[in-house]
Amino acid sequence: MSKSILEDQTGMPLEANMASNKIIARHIFKDYRTKKKEVRALQDINIEIQDNEFVCIVGPSGCGKSTLLKILAGLDFPTAGEILLNGKTIVGPGEDRGMVFQSYTLFPWMTVEENIKFGLKLRKISAGEIQKIVDSYLKKIHLEEFRKSYPKELSGGMKQRVAIARALANSPEVLLMDEPFGALDPHTKEQMQLLLREIWEVEKPTIVFITHDIDEAIFLANKVYVMSTNPGEIAEEEGIYLPFRREVEMKDSQQFIRLRKKINRILYSDDMTAN
Amino acid sequence: MHKVFKIRGKISKKLYLLIGISSFLLIILLWTIVTGLGLVEPMFLPSPLKVTENFVETVQNGQLLNNAGISIYRIVMGFLLAVIFGVPIGILVGTFKAVEAFIRPLCEFIRYMPVPAFVPLVMVWSGIGEGAKIIIVFLGTFFQLVLMIADDAMSVPDDLLNSSYTLGAKRWTAIRKVLLPSMAPRMMETLRMTIGWAWTYLVVAELVASSSGLGYSILKAQRFFQTEAIFVGILTIGVIGLITDRLFALLIKVMFPWDERNG
């Protein structure tokens, strides 16, 4: 069991974090049957995600990390193993696990505002309350003047900001993010990382973030799971002890570079020996 | 010139319209010259003037509008019937694999049966009344419509539905609030295309078993060697088709301002 990461920066009592495991995945296996053979996508995955933790799962494409996230969301099911959310087995998707996808998934027939309202309107919340929540999120993602715009009028980065707001407005137990910035240009991507981290620093939603970008994982997370491929398994669990308040300059720090090297070695050591 | 013929180059809207109109004018011009010089027997190709005269005459005596009216009525009824049944069934086929298994193979099979071959059967069943024509239009469009609407429903991205689940939507909400609005523009495009086909089947029905309608007017004109009336009939159908298509295009533009493909 790793030491609580939050404790270092917030001074919160250790026990408070230790006790609150939000997600526990035990011995997750996922096999696919193709016409020719059986393929093992996930092998014996064990992860623990604590309340208010920002966890990144980093791995090369094809390591099964997206499948793992889909399983957490309840959109896919493991061949074997068990996943618990707040001690209860996950049986399907639900509003307690919000998700942001790599592909743009805003509802194109709804304005920015209506998109953010979608989940809230499915619940018994008064219109006034909904509007208050929507307004506060529009402000957080700096898109107040775009509230009446349709998604087609937004850039890729703006769309993903709205998608994050839409998921968070629903106040889910966990926010699942499947390479949400994968399709963005490097500059926009960095802006988005800063914004997301900023939101996390203020609100502390529990986040599980999938990426193949090592820098992204280190910059955002408190804990990184490194996944290797063929079959997909957790190769390493790495606590990130960078300062709580993240800034872009940290990417050049000694600590960051050391972490980058280490994770790089774990991910690509096989390639080295093969070559 | 060099710019206009650049591969996939763009031209102004005005130029596009101009070129479009010029092709119509060119054909009318050629037509006038060929008939004016007496190169073809008037019985085979009447002059534009004769066709216009026939058009004016049949408009004035009410025949043309009558026939057009009855044809439009049949199209609308047959097409509406196909839409009322075809759209919900198509959506179910595109949404639930079990429904697809039940319906799709059947539809694929039936749609390869030529609709004109059904005309005698329909006449046996329902005589040569209005019902027969409506049924022919229905048969011609229904099976295609089911399959195309199913494809429209399937074109809704998985992740769009998945997002709605992660926002708390259950099955019925996902269908109503995500699947239907998401597929709506494509569905309208499908309807726009199918109503064009409906004309083909209507004319087939009217040629074989009718005493009214534009198809019948064409057949009657042929019996009396009134080639210009044949032209009027065919052109009228073309113009009605064009107007319907433009109306659909306009409707789609107005209904779905949010659609990516919608300028």
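Values for this structure:
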read-out: Some residue of the stretch B:190-213 being surrounded by fewer than 20 Cβ atoms within 10 Å (Cβ to Cβ) and within 14 Å of chain A (Cβ to nearest Cβ); value: no
read-out: Selection status of B:Ala221, assigned to a helix (DSSP H, G or I) and either crowded, with 18+ Cβ neighbours inside 10 Å or within 14 Å of chain A (Cβ to nearest Cβ) (or both); value: yes
read-out: Residue match in the stretch A:32-41 (condition: part of a loop (DSSP other than H, G, I, E, B) and within 14 Å of another protein chain (Cβ to nearest Cβ)); value: no
read-out: Some residue of the stretch B:2-21 being surrounded by 12 or more Cβ atoms within 10 Å (Cβ to Cβ) and within 28 Å of the chain's Cα centre (by Cα); value: no
read-out: Residues that are within 14 Å of another protein chain (Cβ to nearest Cβ) and under 27 Å from A:Gln193 (Cβ atoms), drawn from the stretch A:115-145; value: A:Asn115, A:Ile116, A:Lys117, A:Phe118, A:Gly119, A:Leu120, A:Ile133, A:Val134, A:Tyr137
read-out: Odd one out for A:Ser149, checked against (1) within 12 Å of chain B (Cβ to nearest Cβ); (2) open to solvent by less than 50 Å² (accessible area, probe 1.4 Å); (3) assigned to a helix (DSSP H, G or I); value: (3)
read-out: Restricting the stretch B:157-176 to residues that are crowded, with 20+ Cβ neighbours inside 10 Å and not in a helix (DSSP H, G or I), the residue that is farthest from the other protein chains (Cβ to nearest Cβ); value: B:Ala169
read-out: Residue count, the stretch B:253-263 (criterion: more than 13 Å from every other protein chain (Cβ to nearest Cβ) and either of a type in the set (D, E, K, R) or surrounded by 11 or more Cβ atoms within 10 Å (Cβ to Cβ) (or both)); value: 1
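The values are calculated or read from the model by the stated rules, or taken from the named source; none is laboratory data. These figures come from a predicted structure and were not determined experimentally. Note: ideal-geometry Cβ built from the backbone for every residue, glycine included; neighbour counts use all protein chains shown. For the accessible areas, the whole protein counts, side chains as well, though only heavy atoms, and no ligand, DNA or RNA atoms are used. Shrake-Rupley method; radii C 1.70, N 1.55, O 1.52, S 1.80 Å.
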